[in-house]
Each structure stands twice: as structure tokens, then as C-alpha cells.
Amino acid sequence: MYYVYGIVPGKLTAPPPGVDGTRVSLIPVGGMSALVSELPSTDYDPATVESRLADLEWLSPRAIAHDAVVSWASDQGAVIPFPMWVMFRDAPSLQGGLTPRMAEFQRALDRVTPGREYSVRVFGVKDRLAALSPAVAQLETEIAKATPGQRYLLERKLEAMRQSEARQVSASVATSIHDDLTKLSLGAVTEAPPKSTAGEQSTAILNAAYLVSRDAPEPFQARLTDLIHQFEPLGLRFEFTGPWPPYHFVGR
């Protein structure tokens, strides 16, 4: 089986080992090259792979190896990273499957060549997010001045208001951060924030990827640093990782 990690625009030298420690070769496809390992079909026929995808002990080292190859290619220059398990039965089927998509690959390479992907996640604590709301602050002032009878009803109202205001403040802050970073990137995408697990105090309010200039990432990094200094004292937490292969910016 020909296992394909991705497409690069030309020849690269000394790739790292691939899945199962196999040698990674560059096979010409049109005017580009496919990063390929040859795997034994007895171990990697589609039915066998499908049956083992839930086995994390089996899957994890292969995912790490796949990522190592496309990350190495991204360090060298442009790459179209494929998801795992793009495989062809033989060299003719690889050529037949990839060659008709050369124009599509070229458009993707044109898009991602100038940049590298970075991930930004922002987390906030609901009570501290709600505290940023003027409406919550005003109601808390009213409660402080209220009679005991009024206070009970107002406190119930406050609890509901904190929930709704936390959602609104989260959306507003996330949009503001994302808009600022998008202006300094070559491309940006958002995904649904990961759900909080039971017992977690913080909740994700932004989950985004940015294609940042390969040659001049400093303006993006400086603005992100400013945003961290602005919002962390208000209870927000930032996770910034990368550079990654441009998975979010090559399209289908």
C-alpha cells in the first residue's frame, strides 16, 4: 500500500521515518511530489485499518509518525498535509488518483506557501466573565441597597442574569480577539470551542486557527501578547500553539 502524507511543490531531502519507521520517499506527481511510505498490504488493507481505529495504543504512534512527516515538510516550506489513511494500492492508482487534482493542489499551495498555521484558544471563568457586564454590576449595586425581601428576588434575578450575560460577554470578547488577530494574518478559521468537562471551572470561548506570515510573524505575535496582557487580569486564559502544518487552510 502506498501511504501518502501530503503534497509538496518540489524535491526535499532527508525526511524523517514514517509510519512503522518506514522510509519516506518523494514520488513525482505532475510538477509536484507526494510524500509516500510503502506499507504491507496484509497489515494495512482498509478493513484492517478500520477495525483498529478505536485502538489508541495502535493508532497513537502512527498518528505521531504521520504528524512528524508533515511537520518536517512544513518546516522546509509549503506542504498540503493529508489526513491519515490516504492510501493507494499501487503506483499507477496513486498517479491516477492524484494527477487529476493538480490544479486544486496548486491553488492550495498558492494559498498556504506564504504562511504557517498557529492555534489560539481562549478560556474564561463564567463568574468572572459575568462580572464584566455593566448590567450585572448595576443589579449587584441594587441588591446591596435593597431590603431583605427585595434582596431575595433580586438575587434570583442576578443568578439568571449572570448566566445570560456571561454568554454575551464571552461572544463579544471572543469576536474582538478574533477580529484583531485576523487583521494580522493571511487567513483565519474558527471551530466550535471544546466542551468543558465536569468539574472544570473555565469554559472555552474561542477556538481558532490563523495562517501567519512565515517571514514576518512578529506583528501577529506582538498583538497576541498585548491581548494576553489585556485580558488575563480579567480572568481569561490563552493557549497559543504552533507552528503547525496548514491543516485548516488547504480545503477539502
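Could you name every one of the strands (runs of 3 or more DSSP E) located completely within the stretch 1-81 that has at least 2 residues being within 20 Å of P246 (Cα to Cα), open to solvent by less than 10 Å² (accessible area, probe 1.4 Å) and modelled with pLDDT of 95 or more?
Details: elements: 2-8, 25-29, 32-38.
Output list reads 2-8, 32-38.
Can you tell me how many residues within the stretch 204-242 are buried (at least 17 other Cβ atoms within 10 Å of the Cβ) and within 17 Å of the chain's Cα centre (by Cα)?
11
Restricting attention to the stretch 188-203, report how many residues are open to solvent by less than 40 Å² (accessible area, probe 1.4 Å) and either at pLDDT 95 or above or assigned to a helix (DSSP H, G or I) (or both). It would help to see each step written out before you state the result.
Our first condition is that a residue be open to solvent by less than 40 Å² (accessible area, probe 1.4 Å); within the stretch 188-203, this holds for 188, 202-203.
Pick out the ones that are also either at pLDDT 95 or above or assigned to a helix (DSSP H, G or I) (or both) and you get 188.
Within the stretch 188-203, residues that are open to solvent by less than 40 Å² (accessible area, probe 1.4 Å) and either at pLDDT 95 or above or assigned to a helix (DSSP H, G or I) (or both) number 1.
Is it the case, given these coordinates, that H248 is part of a helix (DSSP H, G or I) and under 24 Å from M84 (Cα atoms)?
Yes, satisfied.
The values are calculated or read from the model by the stated rules, or taken from the named source; none is laboratory data. This structure is a prediction, so every number in the text was calculated from the model and none was measured. Cβ atoms come from the backbone with ideal geometry, glycine included; neighbour counts cover every protein chain shown. Each accessible area value is taken on the protein alone, full model and side chains, heavy atoms only, with ligands, DNA and RNA left out. Shrake-Rupley method; radii C 1.70, N 1.55, O 1.52, S 1.80 Å.
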